[in-house]
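Read the structure below first, then the notes.
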Amino acid sequence: MEIYYLYTRPLEIAREAGCPMPKLEMLEAELRFLEESYFFSLP
């Protein structure tokens, strides 16, 4: 949930304004991957 409000939502707003942020997009994708990996590895 925090990733959405801290990274995904601002990236969507920037994209709509015509300002691509590829490095931040890569960071957001990596954080989402880590979050999903963590939750799936819990017993």
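Calculate the dipole size of the chain relative to its Cα centre from +1 charges on Lys and Arg beta carbons and -1 charges on Asp and Glu beta carbons; express the result in debye to the nearest 20. Mind showing how you got there, number by number?
Numbers: 4 positive and 8 negative charges, 18 e Å.
The dipole of the chain has a size of about 80 debye.
Skip the ligands, DNA and RNA, and give the accessible area per residue of the chain with a 1.4 Å probe, whole Å². Don't skip to the end; give the middle numbers.
On the way: 3780 Å² over 43 residues.
In whole numbers, the chain has 88 Å² accessible per residue.
With the full set of protein chains in place, find how many percent of the accessible area of the chain is carbon and sulfur; take the probe as 1.4 Å. Before the final figure, lay out the partial values.
Numbers: 2510 of 3780 Å².
Carbon and sulfur together cover 66 percent of it.
The values are calculated or read from the model by the stated rules, or taken from the named source; none is laboratory data. Note that the coordinates shown come from a computational prediction; the quantities given were computed from them, not determined experimentally. Here the Cβ is made from the backbone with ideal geometry for all residues, glycine too, and neighbour counts use every protein chain on show. Remember, those area values only see protein heavy atoms, side chains included, never the ligands or the DNA or RNA. Shrake-Rupley method; radii C 1.70, N 1.55, O 1.52, S 1.80 Å.
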